[in-house]
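Engineer: Please find one structure pasted underneath; my questions will follow.
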Amino acid sequence: GGLNWYAGVGGGLGSWSYDFNGNKNNGTFLFGAGDIGVEYNFAEVPIQISLDLRPELYFNSDGYRDNNFGPDLALGIRYKFD
């Protein structure tokens, strides 16, 4: 039980493709991401809540995003198996 914090890094590869009203675009992108967050484990019940901040830096994303930086924020509620 209790409050914990965590941090890490990661990355990914993705692609997009669309054809809408005669507008077509497709491509691939790479991104690097960090992750920092806090979580709380309840001692009485097997539930865990977390709050994460994930800043992402995109490469080769021409047409996918308006800029190459995008932060994400997430709230998670999970059942914890022991």
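Engineer: Among the numbered conditions (1) out of contact with any Gly (no Cβ under 6 Å at 6 or more places or on another chain); (2) more than 20 Å from Gly14 (Cα to Cα); (3) among the aliphatic types (A, V, I, L, M); (4) modelled with pLDDT under 95, tell me where Ile77 comes up short.
Structural biologist: Here Ile77 clears every test but (4).
Engineer: If I filter the range 26-37 down to residues being open to solvent by 70 Å² or more (accessible area, probe 1.4 Å) and farther than 16 Å from Pro71 by Cβ, which single residue comes out as nearest to the chain's Cα centre (by Cα)?
Structural biologist: By that ranking, first place goes to Leu30.
Engineer: Let me ask something else about it. Would you point out the residue of the range 4-25, among those that are in a strand (DSSP E or B) and free of Cβ contacts under 8 Å to residues at least 12 places away in the same chain, that is most open to solvent (accessible area, probe 1.4 Å)?
Structural biologist: Lys24
Engineer: Identify, please: which residue in the range 27-74 is assigned to a loop (DSSP other than H, G, I, E, B) and closer than 30 Å to Ser17 by Cα and is, among those, modelled with the lowest pLDDT?
Structural biologist: Ser61
The values are calculated or read from the model by the stated rules, or taken from the named source; none is laboratory data. Fair warning: this is a prediction, and the values are worked out from it, not measured in the lab. Neighbour counts run over all protein chains shown; Cβ positions are idealised from the backbone, glycine included. Just so you know, the surface numbers come from the protein's heavy atoms only, side chains and all, with ligands and any DNA or RNA stripped out. Shrake-Rupley method; radii C 1.70, N 1.55, O 1.52, S 1.80 Å.
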